[in-house]
Amino acid sequence: MKKNKDSYRYRLEHIIDAMNKIELISKDLSREKFVSDIAAGSAVCYQFLIIGEAIASLPAEMTNQYDYPWYKPRSFRNFLAHEYFGVDLIMVFDTIKKDLPELRQLITMMISDLQK
């Protein structure tokens, strides 16, 4: 079980790291600047891919313990990876502002719960 806990914590820490990078990239950008900054948009989308992949690797027995729509970050990852030509950076920016704070709080709680 310890090995699994370590593996899960490792994935959760990937998510936190990706969120930190997203916040670092986007913190000083307005929506308009973010949308026009190709490098920032691409870098943030890549971090969302990491978040989605890491979440997809977590077992249902773990994620089912938390009331969160886990399909959303996985679906967002799939959209970014497979429908890359249709990515709207306004939507990406709004996701940063609206969804990441709640996800960060939850992932932080999950890491804490694993340490118990």
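The values are calculated or read from the model by the stated rules, or taken from the named source; none is laboratory data. Keep in mind it's a predicted model, so treat the numbers as computed, not measured. Heads up, the Cβs are rebuilt from the backbone with ideal geometry, glycines too, and the neighbour counts pull from every protein chain shown.
Brief remarks on what is shown
- Among residues of region 6-38 being small (Gly, Ala, Ser) and at pLDDT 95 or above, the one that is farthest from Phe93 (Cα to Cα) is Ala18.
- Residue match in region 70-79 (condition: loosely packed, with under 12 Cβ neighbours inside 10 Å, without any contact (Cβ under 8 Å) to a residue 12 or more places away in the chain and of a type in the set (A, V, I, L, M, F, W, C)): no
- Test: residue in region 10-25 that is surrounded by fewer than 12 Cβ atoms within 10 Å (Cβ to Cβ) and outside any helix (DSSP H, G or I): no
- Lone qualifier among Asp37, Asp6, Asp67, Asp28 - being out of contact with any Cys (no Cβ under 9 Å at 6 or more places or on another chain), free of Cβ contacts under 8 Å to residues at least 24 places away in the same chain and either on the phi > 0 side of the Ramachandran plot or surrounded by 14 or more Cβ atoms within 10 Å (Cβ to Cβ) (or both): Asp37
- Search result, residues across region 62-73 that are closer than 16 Å to Glu102 by Cβ and not acidic (Asp, Glu): Thr63, Tyr66, Tyr68, Pro69, Trp70, Tyr71, Lys72, Pro73
- The lone exception for Phe93 - which of (1) surrounded by fewer than 15 Cβ atoms within 10 Å (Cβ to Cβ); (2) of a type outside the set (A, V, I, L, M); (3) at pLDDT 95 or above it fails: (1)
- Look at (1) among the polar types (S, T, N, Q); (2) assigned to a helix (DSSP H, G or I); (3) more than 14 Å from the chain's Cα centre (by Cα) and you find that Gln65 fails only one, number (2).
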